[in-house]
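The values are calculated or read from the model by the stated rules, or taken from the named source; none is laboratory data. In this text the structure is predicted, and so the values were computed from the model without any measurement. Cβ: placed from backbone, ideal geometry, glycine included. Neighbour counts: every protein chain shown.
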Amino acid sequence: MSTTLPPILLFPGGRVSNPLPPAPSGVQFANVRAQLPRVPANDPPKRSLFDIEFLVIHWDGTGTIAPDYDPIARYKWEAQYHIDKDWGGGSHGGGLMYAVKIDRSGQAYTCRNATDVLWHANAANIPGYAICLDATVDSPPTSAQLAGLKRVIETKRREFGLDYGAVFGHGELTQYGNSTACPGPNALQWVRDYRAGRV
């Protein structure tokens, strides 16, 4: 059975006038911003929420995630890695480069402010809002994670007024200088299915 999506009127920047997804049930973001390492002096200038034109889906990429891992400890390590990393020309990050992380159970964590410009997708850093799955080649996304991703996407679409088509895998953004397999084959197919109204 195919799903026919209603027509959507777009405003500049992927904004929609009608309709937006219904408010998803059961979405609770654990706010962990204060728990993660930060060096605010390293941050680029802020952006307006109106600068956000699409959602960018990422994954961690490599390694194996243990079934009993501690998501907060993982995010602390990742934030410190992003601070220590030379992003080019001696520039170091101000903290974790993802606004939202989603753990293996589908729990969402707010890691950065939406107005923070994060270095996650080259020339798409300003228009793209970064969402990252705790998933890798050896630990592909779980069904609970993908269900959590859908809830996060629909929450953020409502928050930013975005069309259902304004959701992309990191590697799809080639016109912004990205060349990567992120967010991996499973999540990328899911993103494409979401845009097509199949999930």
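One residue is enough: does the range 77-84 have a residue meeting the conditions surrounded by fewer than 15 Cβ atoms within 10 Å (Cβ to Cβ), modelled with pLDDT of 70 or more, farther than 26 Å from Ala144 by Cβ and of a type outside the set (Gly, Ala, Ser)? Yes; the residues of the range 77-84 include at least one that is surrounded by fewer than 15 Cβ atoms within 10 Å (Cβ to Cβ), modelled with pLDDT of 70 or more, farther than 26 Å from Ala144 by Cβ and of a type outside the set (Gly, Ala, Ser).
Condition check ((1) crowded, with 16+ Cβ neighbours inside 10 Å; (2) not in a strand (DSSP E or B)) across all residues:
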| site | (1), (2) |
| --- | --- |
| Gly95 | yes, yes |
| Ala135 | yes, no |
| Leu149 | yes, yes |
| Glu159 | no, yes |
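When Ser105, Ser179 are screened for being more than 13 Å from Ile57 (Cβ to Cβ), surrounded by fewer than 23 Cβ atoms within 10 Å (Cβ to Cβ) and without any contact (Cβ under 8 Å) to a residue 12 or more places away in the chain, only Ser179 passes.
Among the candidates Ala99, Ala147, Ala196, Ala130, which residue alone is modelled with pLDDT under 95 and aliphatic (A, V, I, L, M)? Don't jump to the end; show me each part of the working.
Working: Ala99 fails: modelled with pLDDT under 95; Ala147 fails: modelled with pLDDT under 95; Ala130 fails: modelled with pLDDT under 95.
Unique residue meeting the criteria: Ala196.
For Ser91, state whether it is among the polar types (S, T, N, Q) and within 26 Å of Gly165 (Cβ to Cβ). Taking the combined requirement at face value, the residue does not satisfy it.
Within this structure, Asp70 fails the test of being farther than 18 Å from Gly177 by Cα, buried (at least 16 other Cβ atoms within 10 Å of the Cβ) and modelled with pLDDT of 95 or more.
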